[in-house]
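**Q** Here it is: the structure, laid out below.
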Amino acid sequence: MKNKRLLSPKEAAAELGIYINTVHRWDEAGKLHSVRTAGKQRRIPIEEISRLRRLGRGEQGAERCALYARVSSVRQEQDGNLARQTARLQEAARARGYEVVAVISEQASSLNEKRKGMKKLMGLIKERAIELILIEYPDRLVRFSFG
């Protein structure tokens, strides 16, 4: 029997750039195929990660994504935190083979509902111009009710 590499749900989520809860939901819905160990733990074959990546690709051959970086204070922006955050997101997109459609960075409070960057992001989603959004931490997108 060929030795297949199996990933934990956490590892699979990291490879796909999604939340671990999404891995579980996709498995339960049949979108993602997993195997169970003798101890009943869920494992995802590495080939399944490749299959999911192929399914999600647009016509250019890569999943289209938007990068969203945000800092809450002018000082953080001036200290270069925003630029470093954006650079890390660009590197993550490159490493995963994503096509970056938009890079959105802004200095604004997460409690501000009128963020220009967030409005632009919502427009991209509405237009179906992207399949996913890369963010460093959930609180960069919204402060409350994530997870």
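Quick note: the coordinates plus some simple rules give every number you see, no bench work behind them. The model shown is predicted, which means the values in this text are computed figures rather than measured ones.
**Q** Karplus couplings for region 42-47 from phi (6.51 cos²θ - 1.76 cosθ + 1.60, θ = phi - 60°), rounded to Hz, Gly and Pro as x?
**A** Listing the rounded values in order: 7, 9, 10, x, 4, 4 Hz.
**Q** Could you compute how fast region 6-55 diffuses translationally, taking Rh as the Kirkwood radius over C-alpha pairs and applying Stokes-Einstein at 10 °C with viscosity 1.306 mPa s? Give it in µm² per second. Walk me through the numbers before you get to the answer.
**A** Working: Rh = 10.6 Å.
For these conditions, the coefficient is 150 µm²/s.
**Q** Taking 0.36 nm per residue of sequence separation and subtracting the Cα-Cα distance, how much length would be gained by fully extending the chain between Ala38 and Ser105, in nm to one decimal? Spell out each step's value before the answer.
**A** On the way: separation 67, 0.36 × 67 = 24.12 nm, distance 4.59 nm.
Length difference between fully extended and current span is 19.5 nm.
**Q** Can you return the aspartates and glutamates within cross-link range of Lys114? Criterion is Cα-Cα under 20 Å, with same-chain partners fewer than 8 residues away left out.
**A** Within reach: Glu77, Glu106, Glu127, Asp139.
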